[in-house]
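Read through the structure below, which is laid out as structure tokens, and then see the notes.
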Amino acid sequence: MKVISINTLCGLHNMLYDKKNLNKKIDVENNFLDINNLFWSQVLSHETIRKTINNFVQISSILGTLSIQEQYVVSAPNTFINKLTEAKNNIIHTEIDEKTLFSYIETLNIFCMIYNKLLPTNFTFTIDQGFHRSSSSAKEMLEHCLLEYSNPYLHFIMETVLPIILNWEPDIIFMKGIPNIGSFAIAKLVKQKLPKVHISITNHSTEYYSINKIKNNLSANIFFFECFDSVVLNQDYTETEKEIVNLLSKNSTLSDVPNILYKDYNGSVNVTNTKITYPKYDFNMSNIFHKYVNIRLFPKNHCYWNQCTFCGINNKYLDYSATWNIEDAWCQISYLENKNINYFWSIDEAIPPSILYQLAQKMNNNNCNFIWHTRSRLDPEWINEDIIKELAISGLTQIRLGFESASIRILKLMNKHENVEEVMDNIEAILELFFKHQIRVHFPAIIGFPTETIYEREQTINYLKKLKKKYPLFSYNVNILELDISSRLYKNWDKYNITQINLPCPLNDFMGNIIRWYEPIVHSAIPNLEQARRDAMLSQYTWYPKNALTEPHIFYRLYESGRYMLYSTKIPDAAKVEYNYKNFIVKKFPDLVSWKTQLGNYITYNPRNHHFYECSESVYNLFNDENILIDDMSYFPLIKGLLQNKFIYICEGR
């Protein structure tokens, strides 16, 4: 039988998780068609870039008020094209620092905004998601997937993807990723031409999403199974795929394939028995180009606490073990060592400190040479310095510990710890032990939990800011609570003062994992939640342009998923440099872009970091000279900002 696998149309390099060179000549290779790479290689081809920018410049005068970023592109299109080319070529290199990564992401998002403005459809388009389009309702996607105004990917699918698939004439198609309107369109179009083809959804679990969370409802989803024939539920999806191929090649029923949903010859949807198998090596070798892998060291285990009310992360797995097998983890690490892969990111949900200690001892006894990151919990066991010292010797450079909130009351509602007070009392002692051994610590936090007050929200954010100011090796990110359909919070929503649950469609049509909800205390100030998250993240990224298109929490998400911090060795600057010159000469950087506004002022934009400043004509003329002598102290506040944001540099001071 002819088998082909294709991936999902989504963000650039799948949110930078799967970085590789863009190739618009890509075809089926090893039975795999990378349609997402193909899509982005077309969007970011030299021809498309130049055509898009030229067209935008030509019509810019009739578009009304332009954003600062759009004015920059219109004022210096060739400069922007050069920066965009640099960004798309270099963003795949994991060794770049966070400021350079931001510059690339922002440049790419500026282009996405302009590219999207020239399209007839009205969807947001960004590098983290591609086209922002709801994938909640199978019925809605089925009915609208072949309508161009409703499916922004349709033209690309019909012109590029469909001919390749039909030329291949597959008997089986495995569609990898979260099913969206692009997936529905491909399935529907292919079945029109190849009605006997079997289309299976597989490898759909991400950090938080999984079809496994909705499998009970999905079995009744007639709209989904009008396009698709089966869903692989097992985490060892490659073995399940082989079983499907084997039985279909014999014209046999799929009832003997464990861990799947499938539509039989009569159109009935069946759930097969659960038989857990685990891959021998649980990591994706696609990032071998970068000499790092994302790896599940303990594929049979999940979060060892598994009691947080808001979390449904363990429910994406069919089963899990309470026994931690060090030898299984060591087997995978030995394999990496033999392959000369020295960097890995442990994507296990949460590994107990004692287990990490045993693993680190095993690595150190075998003289391993790794740089690695992992995840655990804020556990009192971390007070033991011997554990942390052993991890540092093994090459651990960052650990992520679920923090969530600084409010004792909220932590108890979350059921975050057995003894919340004890954990909160020990936080700084734990941090100082990690920092003593040069291990970075990252705290994910959640705001907007039901009944959380403004005071409790500020308590959390202020605590994070305090830790960041005190400890250079500390970092955090702030999330707004989303209601997971498989969480205890959703199942008992009425016990948490939630007064309303809003499903976008009936449950037997629902494809999502996140449910809209309403709780009076929290939702009386939804914009405040967004602003609170933004302010908290900007407080951490003091260098971040306040008018950036890329929201700081999105930047962090891409920075994390792209694993750029694996290569980060620099300790963040503890203090700003102070300039005390009374008279000094500065020069401006050569690649700045300036233009005159309709009000007569001047804007100068820095394409390297996306900061800009607006000033009067006299100030603009002052800084337009080749060598600028600064002897008027009234300019000093402006000078400090221009130095900090790399508009000018000091070449002589006295």
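The values are calculated or read from the model by the stated rules, or taken from the named source; none is laboratory data. Note that this is a predicted model, so its numbers are computed, not measured. Every residue, glycine as well, gets a Cβ built from its backbone with ideal geometry; the counts of neighbours run over all protein chains shown. Accessible surface is based on the protein model in full, side chains and every heavy atom, while ligands, DNA and RNA are left aside. Shrake-Rupley method; radii C 1.70, N 1.55, O 1.52, S 1.80 Å.
Remarks
- Applying the set (1) open to solvent by less than 70 Å² (accessible area, probe 1.4 Å); (2) more than 30 Å from ARG563 (Cα to Cα) to LYS19 leaves exactly one unmet item: (2).
- Residues of region 385-425 satisfying the condition of being assigned to a helix (DSSP H, G or I), under 30 Å from ILE454 (Cβ atoms) and open to solvent by less than 20 Å² (accessible area, probe 1.4 Å): ILE410, LEU411, MET414, VAL420, VAL423
- Positions within region 424-450 being farther than 22 Å from MET565 by Cβ and within 28 Å of the chain's Cα centre (by Cα), in sequence order: ILE447, GLY448, PHE449, PRO450
- Matching residues, region 49-66, being without any contact (Cβ under 8 Å) to a residue 60 or more places away in the chain and under 25 Å from LYS20 (Cβ atoms): ARG50, LYS51
- Candidate set: region 144-166, residues that are over 30 Å from ASN246 (Cα atoms) and without any contact (Cβ under 8 Å) to a residue 12 or more places away in the chain; chosen: the one surrounded by the most Cβ atoms within 10 Å (Cβ to Cβ): HIS155
- Looking across region 67-111 at every residue that is open to solvent by less than 30 Å² (accessible area, probe 1.4 Å) and free of Cβ contacts under 8 Å to residues at least 60 places away in the same chain, the one that is farthest from TRP543 (Cα to Cα) is identified as ILE81.
- Residues that are open to solvent by 10 Å² or more (accessible area, probe 1.4 Å) and either without any contact (Cβ under 8 Å) to a residue 24 or more places away in the chain or in contact with a Phe, Trp or Tyr (Cβ under 6 Å, 6 or more places away or on another chain) (or both) within region 167-206 comprise ASN167, ILE178, GLN192, PRO195, ASN203, listed in sequence order.
- Within the set ASP27, ASP18, the sole residue that is touching a residue at least 60 places away in the same chain (Cβ under 8 Å), under 30 Å from ASN251 (Cβ atoms) and either of a type in the set (Phe, Trp, Tyr) or part of a loop (DSSP other than H, G, I, E, B) (or both) turns out to be ASP27.
- Taking residues in region 234-250 that are in contact (Cβ under 8 Å) with a residue 24 or more places away in the chain, and partners anywhere that are open to solvent by 40 Å² or more (accessible area, probe 1.4 Å) and among the hydrophobic types (A, V, I, L, M, F, W, C), the pairs with Cβ atoms closer than 9 Å and at least 6 places apart or on different chains are ASN234/ILE276; ASN234/LEU318; GLN235/ILE276; GLN235/LEU318; ASP236/ILE276; VAL245/MET1; LEU248/MET1; SER249/MET1.
- Tally of residues being modelled with pLDDT of 65 or more and in a helix (DSSP H, G or I) across region 613-634: 6
- Taking region 81-133 as the range and being within 13 Å of ASN609 (Cα to Cα), assigned to a helix (DSSP H, G or I) and of a type in the set (Asp, Glu) as the test, the residues that pass are GLU98, GLU106.
- Residues (among the hydroxyl-bearing types (Ser, Thr, Tyr) and over 27 Å from ASN251 (Cβ atoms)) located in region 159-199: THR160
- Residue, farthest from ASN216 (Cα to Cα), within region 329-345, restricted to residues that are in contact with a helix residue (DSSP H, G or I) (Cβ under 9 Å, 6 or more places away or on another chain) and open to solvent by less than 10 Å² (accessible area, probe 1.4 Å): ILE341
- Condition met for LEU118 (touching a residue at least 40 places away in the same chain (Cβ under 8 Å) and open to solvent by 50 Å² or more (accessible area, probe 1.4 Å)): yes
- Exactly one residue out of PRO299, PRO258 is of a type outside the set (Ser, Thr, Tyr), open to solvent by less than 50 Å² (accessible area, probe 1.4 Å), part of a loop (DSSP other than H, G, I, E, B) and at pLDDT below 90: that is PRO299.
- Of everything listed in (1) touching a helix residue (DSSP H, G or I) at 6+ places or on another chain (Cβ under 8 Å); (2) more than 25 Å from TRP595 (Cβ to Cβ); (3) of a type outside the set (Val, Ile, Thr), the single unmet condition for LEU63 is (2).
- Failed criterion for LEU38 (all others in (1) surrounded by 19 or more Cβ atoms within 10 Å (Cβ to Cβ); (2) over 19 Å from the mean Cα position of the chain (by Cα); (3) free of Cβ contacts under 8 Å to residues at least 60 places away in the same chain hold): (3)
- Residue satisfying condition, being at negative phi and surrounded by fewer than 20 Cβ atoms within 10 Å (Cβ to Cβ), within set ASN216, ASN251, ASN234, ASN221: ASN216
- Residue pairs whose Cβ atoms lie under 8 Å apart, separated by 6 or more positions or on different chains, with the first residue in region 308-328 and loosely packed, with under 15 Cβ neighbours inside 10 Å and the second among the aliphatic types (A, V, I, L, M) and part of a loop (DSSP other than H, G, I, E, B), are ASP319/ILE276.
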